[in-house]
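Down below is the structure, laid out as structure tokens.
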Amino acid sequence: MSIGIDDISFYSSGMYLPLATLAEHNGEDPDKYRIGLGQDRMGVPSQDEDIVTLAANAGRPLVTDDNRNSISTILFATESSIDQSKAAGVYVHRLLQLGSNCRVVELKQACYSATAALQMACGIVARKPDAQVMVIASDIARYGFGTPGEATQGCGAVAFIVKSNPRLLSIHAESGCYSEDVMDFWRPNYRDTALVDGKYSTIIYLKALRQSWKNYEEAGGLAFDQFSRFCYHLPFGKMAEKAHRKLAVTNGVSMTDELLEQQIGASLHYSRQIGNSYSAALYIGIASLLENDAEDLSGKHIGLFSYGSGCVGEFFSATVQPGYREHARRQAHVDMLEQRQELDYPSYVVHFGRSVPADGGRHDFAEEAAGYYRLAGVHDHKRIYTEIGD
Ligand code: COA
């Protein structure tokens with residue numbers, strides 16, 4: 001029995017900032033962001049969009065009357081959590097009208113936690129082959145105005161169904177992990193924005209990749225040349241390029257620009273448009289690969305690297321299932337990205353600078369969200385989520 005990803009959908013905010021606009025304001029050459037970081041736009045949430053509304057919009061297309069009561073578990077991965085106690089997935093469970101006999105839990109380890117969720121989901125399905133698990137990863141990446149990380153902000157959520165005999169990707173049992181206690185990126189409970197040592201995080205990311213790959217080899221995984229494509233965690237697109245060149249060198253392969261484009265190019269399209277989505281980034285990269293690679297990848301192996309600062313890395317692998325293209329959601333994703341509203345710099349500052357009031361009063365938010373769900377307000381410290389049009 002194979003186990004893996006059967007269906008995948010992602011969502012970003014209704015607004016975006018072109019990085020050329022940010023470059024102009026910051027007095028930077030636009031090519032620093034476009035070429036140097038590999039990014040074109042960043043998703044900017046309105047006040048009535050948060051990780052719950054992004055997640056519910058991502059998950060909505062995956063739920064049908066046929067599977068509504070078969071989804072036994074929601075695993076919600078995030079590092080921009082909205083509550084220290086309640087799992088954000090419980091709100092999503094209600095918004096998606098899933099069955100009440102469903103377990104829901106939230107997982108955290110920076111950008112890595114969706115991969116822990118995927119491995120746990122595979123374990124649940126291995127024990128109970130009829131089970132379907134919905135994994136959701138949703139994050140809003142905030143570094144702050146005028147910081148070096150500002151151009152690598154963004155937001156997005158991804159949802160996928162893990163089940164037996166999946167239609168998109170079968171996940172291999174072999175994987176390699178690496179953990180080390182380092183301070184390359186963190187966000188103390190009292191802060192809205194992350195603290196990051198960006199250059200150090202790049203070095204640690206590459207170290208975690210090398211060590212995870214070594215552990216993957218020891219676990220009996222595939223050889224580098226058995227992979228057709230690779231997807232990497234994407235804090236910014238250029239990071240994947242650095243990582244892939246490093247992994248090639250580690251394996252004695254000389255990486256040309258053409259081979260680089262062939263092996264990772266299609267995985268970068270969507271993240272170029274939405275920016276960093278932390279825990280969702282690798283999985284939006286997988287959707288990008290499956291939906292944008294010109295070649296039919298049926299039966300091909302893909303290498304996957306997940307990284308979360310602090311740090312945990314995992315290298316794992318998958319095989320693309322025959323007929324996967326019939327189940328990809330390319331048009332919906334392209335339409336969603338194209339329908340977003342462009343912001344100018346002052347509007348970006350207004351939207352990205354807002355936070356949820358913490359005074360316990362009654363606050364109703366203006367209706368600005370795109371999609372199907374919105375955070376209507378906060379009343380007495382309780383977030384109020386509604387379906388748009390309700
Ligand atoms: N044209 C093309 N490329 C240009 C350029 C231009 N005009 N100007 C600069 N560049 C390149 C630089 O050479 C550099 O590329 P390199 O890394 O391959 O050498 C890249 O653009 C970035 O420039 P740099 O000066 O290093 O940028 P920075 O100091 O402003 O910050 C980061 C870059 C990535 C360190 C910063 O955005 C950051 O900290 N981001 C957060 C990272 C993160 O999320 N880490 C945690 C999770 S992994």
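The values are calculated or read from the model by the stated rules, or taken from the named source; none is laboratory data. Values in this document were obtained by computation on a predicted structure and should not be read as measured data. Please note: Cβ atoms are built from the backbone with ideal geometry, for glycine as well, and neighbour counts cover all protein chains shown. When the accessible area is computed, the model is the full protein with side chains, heavy atoms only, and any ligands, DNA or RNA have been set aside. Shrake-Rupley method; radii C 1.70, N 1.55, O 1.52, S 1.80 Å.
When the range 183-200 is limited to residues that are without any contact (Cβ under 8 Å) to a residue 24 or more places away in the chain and within 20 Å of Leu37 (Cα to Cα), the one that is farthest from the ligand (Cβ to nearest atom) turns out to be Leu195. When restricted to residues that are open to solvent by 50 Å² or more (accessible area, probe 1.4 Å) and either farther than 23 Å from Glu295 by Cβ or modelled with pLDDT of 95 or more (or both), the range 220-258 contains 14. Number of residues in the range 215-246 that are within 16 Å of the ligand (Cβ to nearest atom) and either free of Cβ contacts under 8 Å to residues at least 60 places away in the same chain or in a helix (DSSP H, G or I) (or both) equals 11. Report yes if some residue within the range 109-127 is open to solvent by 40 Å² or more (accessible area, probe 1.4 Å) and within 16 Å of the ligand (Cβ to nearest atom); otherwise report no. Taking every residue of the range 109-127 in turn, at least one turns out to be open to solvent by 40 Å² or more (accessible area, probe 1.4 Å) and within 16 Å of the ligand (Cβ to nearest atom). Of the residues making up the range 339-356, just one is farther than 22 Å from Ala55 by Cβ and at pLDDT below 95, namely Gly353.
Could you identify the single residue in Leu62, Leu98 that is farther than 19 Å from Trp186 by Cα and touching a helix residue (DSSP H, G or I) at 6+ places or on another chain (Cβ under 9 Å)?
Leu98
For the condition touching a residue at least 40 places away in the same chain (Cβ under 8 Å) and away from the ligand (no atom under 16 Å from the Cβ), what is the one hit in Ser179, Ser212, Ser164?
Ser164
Could you tell me whether Ser212 is polar (S, T, N, Q), closer than 21 Å to Ala328 by Cβ, in a helix (DSSP H, G or I) and open to solvent by less than 10 Å² (accessible area, probe 1.4 Å)? Taking the combined requirement at face value, the residue does not satisfy it. Ile203 - would you say it is in a strand (DSSP E or B) and either without any contact (Cβ under 8 Å) to a residue 60 or more places away in the chain or open to solvent by less than 30 Å² (accessible area, probe 1.4 Å) (or both)? Taking the combined requirement at face value, the residue does not satisfy it.
Within the range 22-36, residues that are aliphatic (A, V, I, L, M) sit with their Cβ atoms under 6 Å from residues that are open to solvent by 30 Å² or more (accessible area, probe 1.4 Å), at 6+ positions apart or across chains, in these pairs: Ala23/Pro30. Every listed requirement among (1) under 21 Å from Gly377 (Cβ atoms); (2) in a loop (DSSP other than H, G, I, E, B); (3) touching a Gly at 6+ places or on another chain (Cβ under 7 Å); (4) not aliphatic (A, V, I, L, M) is met by Ser81 save one, (3).
Under the condition of being within 14 Å of Val90 (Cα to Cα) and surrounded by fewer than 19 Cβ atoms within 10 Å (Cβ to Cβ), the residues counted in the range 47-71 number 0. Restricting the range 134-160 to residues that are in a loop (DSSP other than H, G, I, E, B) and of a type in the set (Gly, Ala, Ser), which is least open to solvent (accessible area, probe 1.4 Å)? The extreme case among them is Gly144.
Of the set (1) farther than 18 Å from Val135 by Cα; (2) over 20 Å from the mean Cα position of the chain (by Cα); (3) open to solvent by 10 Å² or more (accessible area, probe 1.4 Å), all apply to Tyr16 but (2). Please find, within the range 248-288, the residue that is farthest from the ligand (Cβ to nearest atom) out of those that are hydroxyl-bearing (Ser, Thr, Tyr), in a helix (DSSP H, G or I) and in contact with a Cys (Cβ under 9 Å, 6 or more places away or on another chain). Residue satisfying both the conditions and the ranking: Ser288.
Looking only at the range 84-133, which residues are assigned to a loop (DSSP other than H, G, I, E, B) and in contact with a Phe, Trp or Tyr (Cβ under 9 Å, 6 or more places away or on another chain)?
Ala87, Ala110, Tyr112
The listed residues are Gly303, Gly308, and the only one of them that is open to solvent by less than 10 Å² (accessible area, probe 1.4 Å), at pLDDT 95 or above and under 15 Å from the mean Cα position of the chain (by Cα) turns out to be Gly308.
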